[in-house]
Amino acid sequence: MRRLTAAAENVATTGDLSERVTVEGSDELGRLAGRFNAMLVALEKSVGAQRRLVADASHELRTPLTAARTNVDLLREGKLPAEEAQHALDEASVELAALTRLVADLVELARGEERKLRIDDVQLDDLVAGVVERAQARAPRSHS
């Protein structure tokens with residue numbers, strides 16, 4: 001019981017989820033130690049998944065944020081010809097729409113609601129066209 005208490009206190013103090021208790025026997029105390037270890041494994045996996053999600057989300061948010069900020073900065077300078085200014089404004093709008101979708105997805109994930117699997121027909125030509133359009137919007141424009 002002392003080892004289990006010490007391990008629990010150590011986890012609470014340090015946050016070290018790699019702590020484990022040696023399981024001796026199959027009595028109630030042995031089963032408790034085994035469940036304690038299993039709980040720590042589950043917590044470790046959960047924290048790892050959460051960290052990956054945060055890293056992935058911040059990566060996904062950075063691209064549209066950077067693109068929108070760049071376009072707004074260009075517009076603020078006021079040196080773009082009218083056609084390029086309109087293009088920069090359109091690009092910023094596309095990137096802000098992407099950010100809005102990403103944030104809505106993150107909020108839904110944070111609520112922890114179970115998402116229902118939805119199967120839709122996908123028009124690959126439309127999907128590819130959308131991806132190409134976004135890539136072109138982000139690509140540097142050549143002035144030939």
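Details
Matching residues to (1) modelled with pLDDT under 90; (2) touching a strand residue (DSSP E or B) at 6+ places or on another chain (Cβ under 7 Å); (3) of a type outside the set (Asp, Glu); (4) not in a helix (DSSP H, G or I):
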position	(1), (2), (3), (4)
ARG3	yes, no, yes, no
ALA8	no, no, yes, no
VAL11	no, no, yes, no
SER18	no, no, yes, yes
VAL21	no, no, yes, yes
SER26	yes, no, yes, yes
GLU44	no, no, no, no
VAL54	yes, no, yes, no
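- The stretch 64-86, residues that are without any contact (Cβ under 8 Å) to a residue 24 or more places away in the chain and either open to solvent by 100 Å² or more (accessible area, probe 1.4 Å) or within 30 Å of GLY112 (Cβ to Cβ) (or both): THR66, ARG69, ARG76, GLU77, LYS79, GLU83
- Subset of the stretch 13-48 (residues that are open to solvent by 80 Å² or more (accessible area, probe 1.4 Å), without any contact (Cβ under 8 Å) to a residue 12 or more places away in the chain and more than 24 Å from GLY112 (Cβ to Cβ)): THR13, THR14, GLU24, SER26, ASP27, GLU28, ARG31
- Failed criterion for ASP56 (all others in (1) open to solvent by 60 Å² or more (accessible area, probe 1.4 Å); (2) more than 21 Å from VAL131 (Cβ to Cβ) hold): (2)
- Residue check for ALA8: in contact with a helix residue (DSSP H, G or I) (Cβ under 9 Å, 6 or more places away or on another chain), on the phi < 0 side of the Ramachandran plot and open to solvent by less than 70 Å² (accessible area, probe 1.4 Å): yes
- Sole residue being open to solvent by less than 60 Å² (accessible area, probe 1.4 Å) and either within 21 Å of the chain's Cα centre (by Cα) or within 30 Å of MET1 (Cα to Cα) (or both), chosen from ALA137, ALA97, ALA129, ALA92: ALA97
- Test result for ARG101, of a type in the set (Lys, Arg) and more than 19 Å from ALA137 (Cα to Cα): no
The values are calculated or read from the model by the stated rules, or taken from the named source; none is laboratory data. Bear in mind the structure is a predicted one, so any value in this text is a computation, not a measurement. Because the Cβ atoms are built from the backbone with ideal geometry, glycine has one as well, and the counts that use them run over all protein chains shown. Please note that ligands, DNA and RNA were not included when accessible areas were found on the heavy atoms of the full protein model with its side chains. Shrake-Rupley method; radii C 1.70, N 1.55, O 1.52, S 1.80 Å.
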